[in-house]
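Taking it in order: structure first as structure tokens, then the write-up.
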Amino acid sequence: MSKLLNIESLMDTVDTLSSIYDAIRIINPVTKEIYYFKSDNSEKMLDDVKCYGYWEKNNVCQNCVSMKSYNSETTCVKIEQKSDAVFIVMAVPIWINNDKLVVEFIKDSSNSFTIKDLENDIKIDLLNSADELNNKASLDFLTGAYNRIYIQNTLPSDIYKSAINNSPISVIMADLDNFKNINDSFGHLVGDEVLKSFTNLVKIHIRENDWIARFGGDEFIIVLNNTNLENAYKVAERIRTNLENTKITYNDIQIQITASFGVYEIEEDEVKDDYHKAIEKADLELLKAKKKGKNIVKMS
């Protein structure tokens with residue numbers, strides 16, 4: 001493996017459990033490095049393969065159970081799919097030589113993974129549903145933006161990739177202006193339409209490797225990879241201008257809304273071990289925009 005720590009005592013336990021699980025591995029979910037891998041069928045992983053490569057994916061898992069375990073420091077479980085098999089993955093956080101890592105216990109449960117529909121007396125095979133379920137777990141149901149789970153799973157990895165590639169990365173915090181008035185005046189269904197319309201507008205103005213997530217209520221986070229502060233400001237200003245000039249229609253109601261934006265270029269050495277700091281810095285700029293009169297982009 002690319003890196004193996006002094007974990008002899010842990011390996012004794014792993015050897016004991018290897019007959020129960022199809023694969024056991026130790027990973028760093030932030031860097032996506034595999035520190036140790038053992039499989040009951042002698043399957044091997046190349047040194048330069050990232051952890052998501054095991055699942056035959058070209059990018060990070062949207063619902064990364066190890067990142068969830070890493071952040072919460074608790075044991076977490078999820079369903080994952082690989083080829084024609086469905087697996088249960090149990091992730092357990094551990095500390096070794098002052099490094100926080102995660103042990104993954106992987107079990108093929110294809111034959112037992114069915115759900116019985118009691119009403120129709122049929123069995124639903126989860127083989128074709130596991131990937132869809134994991135994707136949905138990372139999405140905000142209302143807007144189609146990503147959710148807080150996706151933020152905690154993806155932002156730390158994006159910051160790390162930015163650091164090792166020596167490329168800039170910026171965060172935009174956006175908040176719809178006077179959103180409560182929209183709900184109070186027109187109802188929550190109109191408010192929902194406004195949130196969806198804002199999400200769709202943002203998606204038009206960002207690239208495929210950028211992303212938007214609903215942070216909470218009417219506040220969103222936009223992550224721009226390989227983007228410095230100046231260009232991130234231009235993106236935010238473009239979104240702000242287009243939103244200001246867009247009429248949102250719901251039935252016979254037409255609304256024009258605005259939003260305020262805070263832009264921050266992430267300083268990797270400062271925040272790579274705590275992605276919350278990047279969000280806090282962008283949020284501070286957003287507060288400045290709100291205090292300045294709203295419908296404004298502020299940057300540090």
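The values are calculated or read from the model by the stated rules, or taken from the named source; none is laboratory data. These numbers come from a predicted model, not from an experiment. No Cβ is skipped: glycine too gets one built from the backbone with ideal geometry, and neighbour counts run over all protein chains shown.
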Residue, nearest to the chain's Cα centre (by Cα), within segment 235-252, restricted to residues that are more than 19 Å from LYS294 (Cβ to Cβ) and loosely packed, with under 15 Cβ neighbours inside 10 Å: THR249
Matching residues in segment 245-268 - criterion: being within 19 Å of LEU287 (Cα to Cα) and of a type outside the set (Gly, Ala, Ser): ILE257, THR258, PHE261, VAL263, TYR264, GLU265, ILE266
From PRO156, PRO168, residue being more than 17 Å from the chain's Cα centre (by Cα), in contact (Cβ under 8 Å) with a residue 60 or more places away in the chain and crowded, with 18+ Cβ neighbours inside 10 Å: PRO168
Subset tally (residues that are in contact (Cβ under 8 Å) with a residue 24 or more places away in the chain and in a helix (DSSP H, G or I)) for segment 205-234: 4
Single match in THR249, THR241 (criterion: more than 17 Å from LYS161 (Cα to Cα), modelled with pLDDT of 95 or more and of a type in the set (S, T, N, Q)): THR241
Test for PHE105: is it at pLDDT 85 or above and over 27 Å from ALA163 (Cβ atoms): yes
Test set (1) farther than 24 Å from ASN147 by Cβ; (2) loosely packed, with under 15 Cβ neighbours inside 10 Å - LEU189 fails condition number: (1)
Which numbered condition TYR54 fails, given (1) closer than 23 Å to LYS136 by Cβ; (2) in a strand (DSSP E or B); (3) at pLDDT 85 or above: (2)
Filter result for the condition that a residue is in contact (Cβ under 8 Å) with a residue 40 or more places away in the chain, over 28 Å from the mean Cα position of the chain (by Cα) and surrounded by 15 or more Cβ atoms within 10 Å (Cβ to Cβ), over ILE255, ILE279, ILE266: ILE255
Residues (surrounded by fewer than 17 Cβ atoms within 10 Å (Cβ to Cβ) and closer than 14 Å to GLN81 by Cβ) located in segment 56-66: GLU56, LYS57
